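Notes to accompany the following structure.
Laboratory data are not the source of any read-out in this text; all were calculated from the coordinates shown. Keep in mind the model is a prediction, meaning the values are calculated, not measured. Positions of Cβ are generated from backbone atoms using ideal geometry, with glycine treated the same way; all protein chains shown enter the neighbour counts.
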Amino acid sequence: MEDNAKLMEALEAMKKNLLEAKKVITAQEEVLGQFRSPPFFQGIVIGGVSLPIEWANFTKGLRVKLRRDSQFAHQSAVPGVIQKVDGNGWAQVLWDKGSTNSYRVGRPETDGGACDLEFAENPLGEQILVLEGTTVYYAQKPYIKINLGDTVTINPMSKQIIGVVAPVISGEIRFVNKVVSDELVEVSHQDASKVVLTGKFAKKLEKGDRVIVDNTATIILNNLGKDETKFEVKTPSMSVNWDDIGGLEDAKREMVEVVELPHKYSNLYKFYNKRPTKGILLHGPPGCGKTMLGKAAATAMAAVHKQNGNGSGFHYIKGPEILDKYVGVAEATIRRIFENAKKHKAKNGFPAVVFIDEADAILAKRGSGISSDINNTIVPMFLAEMDGMEESGALVLLATNRADVLDPAVTRDGRIDRKIKVTRPTVKSAVDIFMIALKGVPTNKGMTKQDMAQKASESLFSDTRVLYEIRTKKGGTIPFMLKELVNGGMVVGIVDQAISIAIHKDIKKATKTGICEEDMMLAINRVETQNHGLNHKDELEEFITGFREDVVNVSPIRR
């Protein structure tokens, strides 16, 4: 009985101890659960710190590499495997490239605890620098492989890296201005430049690359590369021939001379030591065919070199598209356009055509106050690219309605060698434009397209279509008529409106008749009506240039 009592007592004590142990284990599990459970935070790995490793952890079979601060760091750039560790704290390492040597593992009795090795599986070091928002954390040594630029999940209590997650790539786009080193690049940032970390894009960045940086502009999250096709036209609309442009015979003749002849008769040009033209200025009223001339030039250039229109290297840029609120971006864009033109020449063997429309927006006279004097930096960059361009690297076409405001350094001979005036259509050339616009359009009532185009042109240029009366000091009046506003775009628009009128008639009658003379006249009347009340200040200024001092007032005709 006594033995049974002692046994029961021992069992009770054991039971009590087990219950106490269970409480301790439960408490420990709760603590561990706090480390394993959310909320976690995410950050971007921006670096690491190598700390001394307990020398006893260096054992046979461990993969190691040389520390960067070791006096032997130059001996091997690749990792290796420890073959053995002697009692004096030296480890023999067989490097992956075959060489073998011995290194200190940090034993206190050997050279004051100096250590030459670190774990190979953790290239960033024993503590990891993680950027979260604007705060940098020291995270504990991870048990998984991570790289610079990785987005990781971290326990806020233990600062332990839990895992690598898919990054949320969002931020502002910057341009790489300079590659400083494998780890650093200089990028455009607001009104200045900033040096940022390359992250996982070390050795993969070039000047001119577009990159996404994090919200603090500390590290690069993604490399978008160079936007080499932003301004390049690769559509069927590129196939514009000289014959597709109505009128402008003088302008087309000069363009053919500049674009085609130097390549068709290269031997003759070499005989006369004549270099191809580097640049052309197309100036004149809007809608008169400047852009069409540029496209036709690109098509002709490609045809001469046996390429199709899509391979012409035609880069169409509107001046305002180059402007940017950040300093240096517009200049980088200009540089990139010319770099792309040079690449086109190297790849295809013939020059690209760089067409800058509304050139006055970026190339206005410096110091004029236009565009907040941003031209003080854009113009010099443009000039430098023009001067540095290889022979026939690109044919630069500038188009503007305001040739008078362009910087003289841009338009001087040697850069822009030809200045071609693109004029408004005449009665005769308007017939050609009408004929081109009427291609493929069905007509009605037996009238030929030639007759319809002739009658439409005569009506459009009629002296009866008066928009303004200009009164002079002598008491006379001078009419300002619709024909003073005519351009190629207006002619094409008239044909389009005539088609709309014909369609509405056919819808009502459930027929298909084609356009007739009446439709065309109605369309011209509509265009005249639409121009009443519009602002024609520039056209009026140009019209009265020769007798400005005699003008008393200008009165619009009310309809």
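Quick check on the exposure proxy: order 314, 480, 40 from fewest to most C-beta atoms within 10 angstrom. Present the calculation step by step, with values, prior to reporting the outcome.
On the way: 314 27, 480 21, 40 16.
If I rank by nearby Cβ atoms, fewest first, I get 40, 480, 314.
Figure legend: label point modelled 7 angstrom from the Cα of residue 137 along Cα→Cβ; residues of segment 156-195 with amide N under 14 Å from it are 156-165. Using the alpha-carbon positions of the chain, Rg (one decimal) and Dmax (whole number) come out as 38.4, 146 Å.
Residues 405, 24, ranked from the fewest to the most other C-beta atoms within 10 Å, line up as 24, 405.
Taking 7 Å steps out from each Cα toward its Cβ at residue 243 and residue 172 produces label points 5.3 nm apart.
Taking 0.36 nm per residue of separation and subtracting the Cα-Cα distance, full extension of the segment from residue 158 to residue 109 would add 14.3 nm. Its Kirkwood hydrodynamic radius, worked out from the mean inverse distance over all distinct Cα pairs, puts segment 130-188 at 13.6 Å.
The string of couplings for segment 479-485 from the Karplus curve (6.51, -1.76, 1.60, θ = phi - 60°) is x, 10, 9, 4, 5, 6, 9 Hz, one whole number per residue in order, with x for Gly and Pro. Distances between placed amide hydrogens fall under 5 Å for residue 197 paired with 219, 220, all partners being 5 or more residues away or on another chain. Using a simple charge model, +1 on the beta-carbon of Lys and Arg, -1 on the beta-carbon of Asp and Glu, nothing else, what dipole does the chain show about its Cα centre, in debye to the nearest 20? So the magnitude is around 1340 debye.
Pairs from the table (318/455; 274/365; 455/512; 278/428) lying more than 26 angstrom apart at Cα are 318/455; 274/365; 278/428.
Extension gain for the segment residue 24 to residue 263, taken as residue separation times 0.36 nm less the Cα-Cα distance, is 77.0 nm to one decimal. Counting only residues at least eight positions apart within a chain, or on another chain, the aspartates and glutamates with an alpha carbon under 19 Å from that of residue 60 are 86, 96, 116, 118, 121. 3J(HN,Hα) along segment 271-282, derived from phi through the Karplus expression 6.51 cos²θ - 1.76 cosθ + 1.60 where θ = phi - 60°, amounts to 4, 8, 6, 9, 8, x, 5, 8, x, 10, 9, 9 Hz, with x in place of Gly and Pro.
Cβ-to-Cβ counts within 10 Å put 138, 316, 103 in ascending order as 138, 316, 103, the fewest first. DSSP beta bridges fully contained in the chain are about 75 percent antiparallel. Computed over the Cα atoms of segment 173-225, pair by distinct pair, the Kirkwood hydrodynamic radius stands at 10.3 angstrom. Report summary: the helix-based calculation at 222 nm, which adds -39500 (n - 2.57) for every DSSP H run with n ≥ 4 and divides by the residues of the chain, gives -10000 deg cm²/dmol. Residues whose amide H falls under 5 Å from that of residue 536, counting only those 5 or more places apart or on a different chain, are absent, with hydrogens built in the peptide plane. Of the residues 315, 78, 193, the one whose Cα sits farthest toward the positive end of the charge dipole of the chain, with +1 on the Cβ of Lys and Arg and -1 on the Cβ of Asp and Glu, is 315. Rounded to the nearest 0.05, the FRET efficiency derived from the C-beta distance between residue 554 and residue 526 at R0 = 22 Å is 0.40.
Here's how it looks for residue 281: its modeled amide H is under 5 Å from those of 398, 418, 419, 420, which are all 5 or more places away or on a different chain.
What lysines sit close enough to residue 226 to cross-link, taking a C-alpha to C-alpha distance under 16 Å and skipping anything fewer than 8 places away on the same chain? Counting by Cα, and skipping residues close in sequence, residue 226 has these lysines nearby: 178, 203, 204, 207, 342, 343. May I ask you to list the lysines whose Cα is less than 20 Å away from that of residue 159, ignoring any residue fewer than eight positions away on the same chain? Once the sequence-local lysines are set aside, what remains near residue 159 is 141, 145.
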